[in-house]
1. Could you give the length gained on full extension between Phe65 and Ile100, defined as 0.36 nm per residue of separation minus the Cα-Cα distance, in nm?
2. Between Asn74 and Thr53, what FRET efficiency follows from the Cβ-Cβ distance if R0 is 30 Å, with the result rounded to 0.05?
3. When only C-alpha pairs under 8 Å and at least 6 residues apart count, what is the relative contact order of the chain, in percent?
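Computed from the coordinates by the stated procedures, all read-outs in this text should not be read as laboratory data. Just so we're clear, the structure is a prediction, and the values are computed from it rather than from any experiment. Ideal geometry is used to build each Cβ from the backbone, glycine not excepted, and the neighbour counts take in all protein chains shown.
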Amino acid sequence: DSKFVLLLIINFILLVAGCFMETGSIILIATPLLLPIMQFLNVDLVHFGIIMTVNTAIGLVTPPFGVCLFTTANVSKLSVQAVSGKVWWFLLAMVIALMIITFLPQVILFLV
């Protein structure tokens, strides 16, 4: 029944999908499925778009399919394991920012 519980579940689903799928694919598949739910719950669609974008950005860093992880490892001439060992603090900060964006929509919607 709660809008915030459903947003938390959607965040979790998108984060897991981000671990295994490409960003464009997630957006193309998830948006038509989740958009009617967000409209029914009266979630601002700009807010929902930002939530999806941040979720997929986190997916770019998470193993096993983190495109940014492989790119960073290649540029820095380090192994993917070494890079992923150092990225966890940034990943934690990104998840905290995602929770702030999700549960305090005023933080990002004050300009709109």
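1. 10.1 nm
2. Values: r = 25 Å, r/R0 = 0.82.
In this case the efficiency is close to 0.75.
3. Over the chain, the number comes to 29 percent.
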